[in-house]
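This report concerns only the one structure given below.
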Amino acid sequence: MKPIVPGVSLSLWKYLFAAAQQFNTLQPWDLLDDFNLICVRNPDYGETGYGAVMESLGTLFGFCLYRGTEGFDFYRRQMKNNGDIETREFLLSGQEQRRKY
């Protein structure tokens, strides 16, 4: 089954790019590691997200949000296995998230 790719407006892309630039300027990887979770709650849906700042040997910088209890469980397994989780499990987790929301 071919995945459905949502359409994204130009204004949303501009907003996301500006947010990415601001994130880069803040350089949170200088203060936080991937084991320092940031917990956020969506007041509209009551969903909790668990965020981690990523910095991989100075080559990859980013922020990953693990959605809900399933996402948190995935994060814990990943940390337990030193980040060594099969790509297939990650992709399946992402597909489940798309189906749910």
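Values quoted throughout were computed directly from the atomic coordinates according to the rules given, and no laboratory measurement underlies them. Bear in mind the structure is a predicted one, so any value in this text is a computation, not a measurement. All Cβ positions, even for glycine, are placed from backbone atoms using ideal geometry, and neighbour counts span all protein chains on display.
How many nm separate the modelled label positions at Ala19 and Arg77, each set 7 Å beyond the Cα in the direction of the Cβ?
2.7
With a point put 7 Å past each Cα toward its Cβ, work out how far Asp33 is from Val5 in nm, to one decimal.
3.7
How would you order 7-17, 42-52, 69-79 from highest to lowest mean count of nearby Cβ atoms within 10 Å?
Details: 7-17: 9.0, 42-52: 13.1, 69-79: 15.3.
Top to bottom by mean Cβ count within 10 Å: 69-79, 42-52, 7-17.
Amide H of Gly51: which non-local residues (sequence gap of 5 or more, or other chain) have their own amide H closer than 5 Å, using H built in the peptide plane?
Result for Gly51 returns Ile38, Cys39, Val40, Tyr66.
Give the shape of region 1-52 as rounded, prolate or oblate, defined through the alpha-carbon gyration tensor: a ≥ b ≥ c are the square roots of its eigenvalues, a/c under 1.5 means rounded, and otherwise the shape is prolate if a/b is larger than b/c and oblate if not. Please report the intermediate quantities before stating the final value.
On the way: a/c = 1.88, a/b = 1.27, b/c = 1.47.
Judged from the Cα gyration tensor, region 1-52 comes out oblate (a/c at least 1.5, b/c at or above a/b).
Using θ = phi - 60° and the Karplus form 6.51 cos²θ - 1.76 cosθ + 1.60, what ³J(HN,Hα) does each residue of region 11-17 get, whole Hz, x for Gly and Pro?
3J(HN,Hα) across region 11-17, in whole Hz: 5, 5, 4, 5, 4, 5, 5.
Relative contact order (percent) for region 7-73, with alpha-carbon contacts under 8 angstrom and 6 or more residues of separation? Write down the numbers at each step before the final one.
On the way: 73 pairs, mean separation 14.9, N = 67.
Relative contact order for region 7-73 comes out at 22 percent.
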